Amino acid sequence: MAKKFDLVGFGEAMVRFNSPEHVRLEQAQYMNLAIAAAELNVCVNTSTLGLKTKWVSKLVDTWSGKYVVNKGREHNVNMDDVILEPYDGSGRKARNGLCFIEVGIGPRASRQIYDRGNSAISQIQPGEIDWKEIFSDAGWFHTTGITCAISPEAANEAIRSLKIAKECGLTTSFDLNYRSTLWSPEEAQAVMEKAMPYIDVLIGNEEDFETMLGIKAEGTTKTYSKLDPMNYKNVAKMVCDKYPNVKTVGTTLREVKTALLNDWRTVAYHNGEFYVSKKYENLEIYDRTGGGDSFASGIIYSLISGEYKGQDMIEFAAAYSALCHGFMGDWNWAYKEEAESLMKGGSARVKR
């Protein structure tokens, strides 16, 4: 019998402010609003692709909390299990996080600055979320290392949710998503040792496996500027050998030439087979944030729907995530048909 929800995501959401036209944040006369939320990004993207999704979190019931909930609903994501804590009038008790982004250009890197201390979800307590009830009619659960890095309380709840998801028979996925501003590699690895036994599908970029799991690809430079996809086959095999519960490992490989020009490629180790996507050389970038979440979305969508398998799965995820770089904001506005066309060699000629 089909589940009511194909995918449930759990994590924090921040209101995202980005300065326009590559100006410094301190130069800006106005800001553009969006949402930064790794797990909600995946829920929105896979909903757009055709899945039934739900996002679970804790927010303060003020304008920013309403903004997140309303935007999720606009994209057909069920937000009914988002806890809305009453606003105390000042944010002293709890608040919603904010994220400030300036998109770099040329040799100037993009910057992402967090203002997320004392957020509502960082104070989450066991029992506030009834995971068994939520998972009773769901098939897949997704969370990330960002949630684990927010606070010890959030990390404990993420691990608890993964454990209950497995007890309820769900497939679980986890995007490593290391953030150096939130914790150290040592702190991250200590938490991941507790989380890894409950993860079926593991996603990360070229840096994440080293910082979060202590598993380094051979031949990588300090800046990860030269990336051989075959080196990540060994990384994936080491992950699966250490954690036999992990059946799929997906990795994004980004070679940064300038802030707005990257090479992009993705790889996956799935059920003992290794797949490498074609390389998107000189990928022009409007905004790179959300690219990794779009890759995760493409992999998850493929595995849930069964629509793309083997090499087609990694090519679809690569194409879908490459397209995300052409939109401002974390959410991918690309159509599934566009990703399918691109993975089959379609051009960027005007469609008339």
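Counted residue by residue at 0.36 nm each, then reduced by the alpha carbon distance between them, the extension gain from Arg108 to Gln123 reaches 1.8 nm.
Cross-link pairs exceeding 32 Å in C-alpha to C-alpha distance, out of Lys132/Lys279; Lys4/Lys93; Lys3/Lys309; Lys163/Lys257, comprise Lys132/Lys279; Lys4/Lys93; Lys163/Lys257. For a Förster distance of 22 Å, can you work out the FRET efficiency between the beta-carbons of Ile83 and Lys132, rounded to the nearest 0.05? Computed FRET efficiency for Ile83 and Lys132: 0.85.
Each Lys and Arg contributes +1 and each Asp and Glu -1, all at the Cβ; summed about the Cα centre of segment 7-343, the dipole is approximately 340 debye. Compare Ala317, Ala190, Ala158 in a GNM of the chain, Cα atoms joined below 10 Å, and give the one with the largest fluctuation. So, out of Ala317, Ala190, Ala158, the one fluctuating most is Ala190. Here the Karplus curve 6.51 cos²θ - 1.76 cosθ + 1.60, taken at θ = phi - 60°, turns the phi angles of segment 124-137 into couplings of 4, 10, x, x, 5, 10, 8, 5, 4, 5, 5, 7, 5, 9 Hz, with x standing for Gly and Pro.
Stretched out straight at 0.36 nm per residue, the stretch from Leu33 to Gln311 would grow longer than its current Cα-Cα span by 96.4 nm.
Centre-to-centre, using Cα atoms only, segment 245-274 and segment 106-148 are separated by 23 Å.
Neighbour counting of Cβ atoms within 10 Å sorts the residues Ser294, Ser90, Ser64, Ser302, fewest neighbours leading, into Ser90, Ser64, Ser302, Ser294. Longest stretch of the chain clear of exposed loop sites (GluC sites (Glu not before Pro), DSSP loop, at most 14 other Cβ atoms within 10 Å, sites excluded): 219-352.
With both partners inside the chain, how many of the DSSP beta bridges are antiparallel, as a percent to the nearest 5? Rounded to the nearest five, the antiparallel share is 45 percent. With the charge dipole of the chain set up from +1 on Lys and Arg Cβ and -1 on Asp and Glu Cβ about the Cα centre, the Cα lying farthest toward the positive end among the listed residues Met79, Ser122, Ala334 is that of Ala334. Annotation for Glu218 and Ser90: the two label points, set 7 Å from Cα along the Cα-Cβ direction, are 6.0 nm apart.
Straight-line cross-link reach from Lys336 at under 15 Å between alpha-carbon atoms covers these aspartates and glutamates, not counting any fewer than eight positions away in the same chain: Glu307, Asp312, Glu315. The distance from the alpha carbon centre of segment 278-352 to that of segment 163-196 is 25 Å, rounded to a whole number.
Once both labels are positioned 7 Å from their Cα atoms along Cα-to-Cβ, the gap between Ser341 and Asp263 label points is 2.7 nm. Result for the chain in a Gaussian network model with C-alpha springs under 10 Å: among Thr251, Thr181, Thr62, the largest mean-square fluctuation is at Thr181.
Toward the positive end of the charge dipole of the chain, with +1 on the Cβ of Lys and Arg and -1 on the Cβ of Asp and Glu, the farthest Cα among Asn234, Thr289, Gly11 is that of Thr289.
Each value in this text was obtained by applying a stated rule to the coordinates, not by laboratory testing. This structure is a prediction, so every number in the text was calculated from the model and none was measured. Cβ: placed from backbone, ideal geometry, glycine included. Neighbour counts: every protein chain shown.
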